[in-house]
Structure formats: structure tokens, C-alpha cells
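Right, I'll just put the structure down here and ask away after.
Just so it is clear, none of the values below were taken in a lab; they were calculated from the coordinates. All figures in this text were calculated on a predicted structure; none of them were measured in a lab. Reconstructed Cβ throughout: ideal geometry from the backbone, glycine too, with neighbour counts over all protein chains shown.
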Amino acid sequence: MVSQKRLVAVRQVPPTLAGRQKLDFIGEVQTCLNTDRPCLVLDCSGLAQTDREIVFMLLCCLEEAMKRNGDIRLAGATSRLRAELRAAHAETLFGFYESCADAVASFYGRSAGFALRENAPDGAVANNNVAQVQRT
């Protein structure tokens, strides 16, 4: 069996998503998802705004990733964000991780530290044949 390298992209979610900033972020995410089996970690640690619109945006991103047999993991999600996702009955769709490194490692089936829950990078964990991390 030949192991293929998987690129895990890491994107920082801006503190607030309004107007042009939201469009720019969605464009960045779309760029990451335009591949087969995309792996994306969204760093939510700096997210100040948490509302239904953010939840909707996260669900849209996840939908696009799943259309391509990919996945999105959330790192540094606040309890407020988790509560909003729970209220939308969407909490179980995402993997939550304390750090970006833990989220990236989860794509490679290993633990880089402590996962908060089921399933997210400030660094990368590299395997012999697997693992490149793209962080912007």
C-alpha cells in the first residue's frame, strides 16, 4: 500500500466576520477546499464574534469539504461557539481540539496532545510519508 502525502491547511478565523472581511475569509477557505479530500483546520481561538451567522458559515465550509470527501476540524473553539453549534444541533459534526497541533495530528491518526472532544494546529506533526502543513 502506498501512502500519499496529505496537505493540511490551517486558517485563522478573523475576530469578526462582517462585510468584506467575511468574503475574503470565505475565498481563502474555498481555495483550500479546491482539492481532492481537503483537510482544513480552522483556528477559532481569536474569534470574538459568535452568532448564528458564524455557525452557518462554518456549516457551509464543512459542506464544501464533505462534497470533496474532506473534513474540517476546529481548534481553540470557545465555549460560546460550542454552545452556538449545540443550539443548532451541529456540535457533533465538528471535531474540537485545544490547539492547532492537535487538530493537524488528528488528520494523521495520532495524538499531539490533548483533544477536547471527539475530534484539531500551531504546528505540524509529520509522519515519514505523510504530512505537510500549510499555514497562512
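Please list 3J(HN,Hα) in residue order for region 10-17, calculated via the Karplus relation 6.51 cos²θ - 1.76 cosθ + 1.60 where θ = phi - 60°; whole Hz, with x for glycine and proline.
10, 10, 7, 7, x, x, 9, 10
Right, here's the next one. Output ³J(HN,Hα) for region 32-38: one whole-Hz value per residue in order, computed from phi by the Karplus curve 6.51 cos²θ - 1.76 cosθ + 1.60 with θ = phi - 60°, and x for Gly and Pro.
5, 8, 7, 8, 7, 6, x
For region 1-74, build the charge dipole from Cβ charges (+1 Lys, Arg; -1 Asp, Glu) around the Cα centre, then report which of 25, 9, 44 sits farthest towards its positive end.
9
Please list 3J(HN,Hα) in residue order for region 79-95, calculated via the Karplus relation 6.51 cos²θ - 1.76 cosθ + 1.60 where θ = phi - 60°; whole Hz, with x for glycine and proline.
5, 5, 5, 4, 5, 5, 5, 5, 4, 8, 6, 10, 4, 6, 7, 10, x
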